[in-house]
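The values are calculated or read from the model by the stated rules, or taken from the named source; none is laboratory data. The structure displayed is predicted, hence computed values, not measured ones. Cβ atoms come from the backbone with ideal geometry, glycine included; neighbour counts cover every protein chain shown.
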Amino acid sequence: MSLASRLAIAALLLAPLTASAAPPVAEKPRAIDLVVCLDVSGSMNGLIDSAKIKLWDIVNELARVKPTPNLRVALYSYGNPAYGQASGYVRKEIDLTTDLDEVYAKLNALRISGGEEYVARVTQTGLKEQKWADEVGALKVVFVCGNEPADQDKQVPLAEVAEMARKQGVIVNTIHCGPDDAGWREFAVKCGGSYTTIDQDRAKRDLTTAIKSPFDTELVKLGEKLNTTYVAFGAAGERGAANQLAQDRAAGAAAPAAEVARAVTKANALYKNSAWDLIDCLKDNPKLDVTKMKPEELPEEMRKLKPEERVAFLKKKGEERAAIQKEINELSAKRAKFVEEERKKLPKTDSEKALDEALKGIIREQAKAKGFEVPAAEKK
């Protein structure tokens, strides 16, 4: 099959996908690399719980940025004695990746244990280990979250790490889980980043007063239905599909609001599974010729199809996905309006931020500074 024919097939497959919530843009997506470093020492259950509950809200906020970015997320944990002194009690959970399901799986596997919290070491490790985007206009950000003094690490000076970050063009932001702290503030300033404090337990407390909408149940059902449009292929297919379902359940276990937010995430352009889903893979690699793939590389439902029938099968799946995504986004807009109206009826809460508010506010400002178009913040 000629290159022109393969490109024609790819265009046919991608046509229905353009009807989804994130419309295609002419220019190549710019990178947003986001490295999150979470303190897992003895008193940080609230921080980890907040991240589990609010990760999908943060992703959904980034999905509103234009042009739609190529988002990659990495995760580090620090402060667990089991990680060993040689590492500075730091562990890389996952490298920068577009696979948000895998990030969430690692997040849900974190366990709390008392120890030394070396802010400088975890930041330095992330700066050194990650293969940061090198394109002009990329936004490269580290968030370090914790609650102990920032200068506990006596081997790695904070000033040295700050200089490294500036040379690499990486912005380091600090989030102190507690009252104002000069050390955390100073480190962020030296890195060219932002500093804020949060109430790490607020996300959990907010669950008792969370606003439920008449659209929540249907959104979750549509999120589950969306899974049926994924076409798992190759060695990674079975595991990827299983992990998608597992993270649906993990979000539901974290909080009903997290389950709804994850369903919305699955309908936007930042949710990608090109490593195991054939439709997403074709979006990233339109030169892939599905008519020449070996039957054993395909899911059971495609193995008996003639090579030319595979194209029609994938086109139909793509149309189904686009239709479900469109429905999710329409319901999500109605839900947002309903929640906004209900919030107006509630008394004002304390002004201390939760984790998602802190991250979203900082990212919005830094994305805007990089030339991204950032819509007005949704009202809380």
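Among (1) touching a residue at least 24 places away in the same chain (Cβ under 8 Å); (2) assigned by TED's automatic domain parsing to the domain that holds Ala120; (3) in a helix (DSSP H, G or I), which single condition is Ala188 missing?
Looking at each condition in turn, Ala188 falls short on (1).
Going residue by residue through the stretch 64-74, is there one that turns out to be within 20 Å of Leu158 (Cα to Cα), hydrophobic (A, V, I, L, M, F, W, C) and without any contact (Cβ under 8 Å) to a residue 60 or more places away in the chain?
Within the stretch 64-74, none of the residues are within 20 Å of Leu158 (Cα to Cα), hydrophobic (A, V, I, L, M, F, W, C) and without any contact (Cβ under 8 Å) to a residue 60 or more places away in the chain.
Can you name every residue in the stretch 249-297 that is at pLDDT 95 or above, in contact with a Gly (Cβ under 7 Å, 6 or more places away or on another chain) and in a helix (DSSP H, G or I)?
Glu259, Arg262, Ala263, Ile279
Ile94 passes all but one of (1) farther than 21 Å from Asn173 by Cβ; (2) outside any helix (DSSP H, G or I); which number fails?
The one condition Ile94 does not meet is (1).
Go through (1) under 18 Å from Trp56 (Cβ atoms); (2) surrounded by fewer than 17 Cβ atoms within 10 Å (Cβ to Cβ); (3) at pLDDT below 95 one by one and return the number of the condition Glu300 breaks.
(1)
If I filter the stretch 304-346 down to residues being of a type in the set (Asp, Glu) and surrounded by 13 or more Cβ atoms within 10 Å (Cβ to Cβ), which single residue comes out as farthest from Asp206 (Cα to Cα)?
Looking at the filtered set, the residue picked out is Glu319.
Going by the conditions given, is Asp248 more than 18 Å from the chain's Cα centre (by Cα), at negative phi and not aliphatic (A, V, I, L, M)?
no
Being free of Cβ contacts under 8 Å to residues at least 60 places away in the same chain, under 30 Å from Lys54 (Cα atoms) and out of contact with any Gly (no Cβ under 8 Å at 6 or more places or on another chain) narrows it down to one residue among Ala336, Ala358, Ala322; which is it?
Ala336
Of all residues in the stretch 225-236, how many are over 25 Å from Leu110 (Cα atoms) and assigned to a helix (DSSP H, G or I)?
Within the stretch 225-236, residues that are over 25 Å from Leu110 (Cα atoms) and assigned to a helix (DSSP H, G or I) number 7.
In the stretch 199-241, what residues are without any contact (Cβ under 8 Å) to a residue 60 or more places away in the chain, of a type in the set (A, V, I, L, M, F, W, C) and in contact with a strand residue (DSSP E or B) (Cβ under 9 Å, 6 or more places away or on another chain)?
Selection gives Ala241 alone.
Restricting attention to the stretch 117-137, and to residues there that are surrounded by fewer than 17 Cβ atoms within 10 Å (Cβ to Cβ) and assigned to a loop (DSSP other than H, G, I, E, B), which single residue is nearest to the chain's Cα centre (by Cα)?
If we take residues in the stretch 117-137 being surrounded by fewer than 17 Cβ atoms within 10 Å (Cβ to Cβ) and assigned to a loop (DSSP other than H, G, I, E, B), then Lys131 is nearest to the chain's Cα centre (by Cα).
Residues in the stretch 214-229: is at least one of a type in the set (Ser, Thr, Tyr) and crowded, with 19+ Cβ neighbours inside 10 Å?
Within the stretch 214-229 (the criterion being of a type in the set (Ser, Thr, Tyr) and crowded, with 19+ Cβ neighbours inside 10 Å), the answer is no, since none of the residues qualifies.
Within 25 Å of Lys167 (Cβ to Cβ) and at pLDDT 95 or above - does that describe any residue in the stretch 104-111?
no
Please list, ordered by first then second residue, the pairs with beta carbon atoms under 7 Å, 6 or more apart or interchain, first in the stretch 243-259 and outside the structural domain of Trp56 (by TED's automatic domain parsing), second part of a helix (DSSP H, G or I) and among the hydroxyl-bearing types (Ser, Thr, Tyr).
Matching pairs, first to second residue: Gln247/Tyr104; Ala250/Tyr104.
Can Asn268 be described as free of Cβ contacts under 8 Å to residues at least 12 places away in the same chain and polar (S, T, N, Q)?
no
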